[in-house]
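Working notes, beginning with the structure itself.
What follows draws every value from the coordinates through simple rules; no lab data is involved. Note that this is a predicted model, so its numbers are computed, not measured. Cβ atoms come from the backbone with ideal geometry, glycine included; neighbour counts cover every protein chain shown.
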Amino acid sequence: MRHSRIALLLTVSAVTPLVPVLTPATASAAEHTLRPYLQQKPAWHRCDKELPASLQCATIKVPLDYARPGGKKLDLAISRMRTSTKKERRGVLLLNPGGPGGPGVDMPQYMADELPKSVKNAYDLVGFDPRGIGLSSPVGCGLTSAERNWERPYKAATFTKDVKWARTVAEKCDKKQGDKLRHITTRNTARDMDVIRAVLGEKKISYLGYSYGTYLGAVYTQMFPKRTDRFVLDSAVDPARVWRGMIQVWAEGAEPAFTRWTEWTAARHATYKLGRTPEAVRKSFYDLVARADRKPIDLDGTPVTGDDIRSGLRGMFFGTREAAEAVAELKKAAAGASTAPSTGRDNLRTPEPVPPSFGRTVPDDNGDAGFWAVVCADTRAWPRDPEQYRKDAIRDKARYPLYGDFASHIKPCAFWKKSGSEPATRIGNSVRALILQNEWDSQTPLTSGQGLRRAMKGSKMVTVAGGVGHGIYGTKSCADKTATAYLTTGRLPAKDVTCKAAPAADERATPNRLPLPTPPGLPGMAGRF
């Protein structure tokens, strides 16, 4: 999805939650140490004079380390738009747009335009910037533009250089942020959500989370099941695959999408001139990749390599028409024909997202720093030996030629000095949540939603057959009715449901009005989970 900001990737854990269900004595003691945080009174004020007065903002405090609540504190930016109907009000609907690295204080404003009136009557819409992001004690590593580009194909000739890049990113983040980084985790953000719940005076919270927000929501249900009301988890992360596996699933999911695209495009050879059979279309594509590897293709003044084509078009193949248009433009450019800037550049490039700052300073690389902080600190499962990444990248390029080497190549987490303050959460509960999933989602492929459904045994799942794009609820999808009924009545379907996307919806992954992660464009990266 193309938008102006990132929105754009943890079970009963072996580690006990800070407020564990052990004995009344331990639970009481833990809550006592958190009491100053839970009893805060937010000083609500208008967020910005350019925004509606109904969008109120406040800043509360949370502990950096929940095991030491008397130590360092973080600012947490929260926002709300209150329902005007006291009679119908059920409580609060906490919102998260995804990431990791996506700010959410402005989310109530734009969700107010997307949600049905019955939902807005039932809930105060509440947003927040997760710890380390946006206005919530933002982290930054001082990364250059080149260092922020993590989509690196495996090549024997550049392997040493790529290992150096990964080590440099990890070292710069450690130098800038130090011990703070190991506390920027999903588990701690879930704890922050529970502080928000208490500060708002609610016994339970309801929740709508997209993309990475599905994982954050699932972790909350695992840690605080008795404080969980109605949770909608849209475009889901598989909790069994955080986090390296969720990057690798992009490569796995791209291959069937690419095959489907070749079939669609072959049936329209008269329009795109890319081949009359799926095999011919596939050959046309990989011939372009090989040609651009030998000599970059000049696309409206931008040199495009074969690696740019593979990574830049991966997400587009989930929406058949836009991919066909993009490849056709590349073919013309390779033949020396001029391309229309409004088509080629718009299709193949994604603008760098800019998070809202409300006039306050946020590091330029905050989205990237927040992304790596969570992805590296959430789990201790990242390989530490660079040779493991080399072997995996070679293996996966053979398995998944479109994107396999990008997904499995070296990442900064191999050198992350501050591992997570605790192991990742193992999701496995009976909370009655609702999972929404498009069949052809490029960022969280269908298998990811199915993985979350298996872990959350009390949940139900709506699969949109033929559905394209990342993010469903609020886009006039066939799944909207089920989600609205659940949020307003608590009624889940008796069993998992499959509904059909609107005709021709699979032809173009049109930009979603929601600020969700976007597939990376050419030649760099601007996408997230």
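A few remarks follow.
- When T221, T302, T463 are sorted by how many other C-beta atoms sit within 10 angstrom of their C-beta, beginning with the fewest, the order is T302, T463, T221.
- Multiplying the residue separation of K495 and R46 by 0.36 nm and removing their Cα-Cα distance gives an extension gain of 157.3 nm.
- Listed values for the range 167-176 are Karplus-derived 3J(HN,Hα) couplings in whole Hz (6.51 cos²θ - 1.76 cosθ + 1.60, θ = phi - 60°), namely 5, 5, 4, 4, 5, 5, 5, 5, 5, 6, and x replaces Gly and Pro.
- HN-Hα J in Hz across the range 149-155 - Karplus 6.51, -1.76, 1.60, θ = phi - 60°, x for Gly and Pro: 7, 9, 7, 10, x, 7, 9
- Taking 0.890 mPa s as the viscosity and 25 °C as the temperature, the Stokes-Einstein diffusion coefficient of the range 126-202 based on its alpha-carbon Kirkwood radius rounds to 164 µm²/s.
- Fully extending the segment from S118 to T271, taken as 0.36 nm per residue of separation minus the present Cα-Cα distance, adds 50.6 nm.
- Extending 7 Å from the Cα toward the beta-carbon at both R380 and K161 defines two label points whose distance is 3.6 nm.
- Proxy reagent accessibility, fewest Cβ within 10 Å first, across I309, I247: I247, I309
- The alpha-carbon positions of the range 404-502 define a convex hull whose volume is 140 Å³ per residue.
- Where Rh is the Kirkwood radius over Cα pairs, Rg/Rh for the range 47-203: 1.08
- Debye, to nearest 20: dipole size of the range 246-339, +1 on Lys, Arg Cβ, -1 on Asp, Glu Cβ: 340 debye
- Amide H contacts of D300 (H built 1.01 Å from N, under 5 Å, at least 5 apart or other chain): T339
- Rounded to whole Hz, the Karplus (6.51, -1.76, 1.60) HN-Hα couplings of the range 447-455, x for glycine and proline: 4, 5, x, 5, x, 5, 4, 5, 6
- Placed amide H near K73: partners under 5 Å, 5+ positions off or other chain: L64
- Treating each Cα of the chain as an identical point scatterer and summing with the Debye formula, the log10 of I(q)/I(0) at q = 0.13 Å⁻¹ comes to -1.29.
- Where the Cα pairs of the range 348-468 fall when distances are cut into 10 Å bins, in %: 11, 23, 37, 27, 2
- Inter-centroid distance (Cα atoms) of the range 219-288 relative to the range 428-466, Å: 14 Å
- The helix-based estimate of mean residue ellipticity at 222 nm for the chain, built from -39,500 (n - 2.57) per DSSP H run of four or more residues and divided by its residue count, is -11500 deg cm²/dmol to the nearest 500.
- Above-threshold pairs, the threshold being 29 Å between Cα atoms, out of K172/K226; K73/K203; K120/K203; K332/K411; K120/K500; K61/K172: K172/K226; K332/K411
- Base-10 log of normalised Debye intensity for the range 246-339 (one unit scatterer per alpha-carbon) at q = 0.18, 0.20, 0.21 Å⁻¹: -0.78, -0.95, -1.04
- For V462, nonlocal amide neighbours, meaning residues 5 or more places apart or on other chains whose placed amide H falls under 5 Å from its own, are I435, L436, Q437, V497.
- Taking the number of Cβ atoms within 10 Å of each Cβ as an exposure proxy, the fewest-first ranking of K120, K417, K161 is K161, K417, K120.
- Measuring max minus min along each principal axis, the C-alpha atoms of the range 72-116 give extents of 40, 25, 13 Å (largest first).
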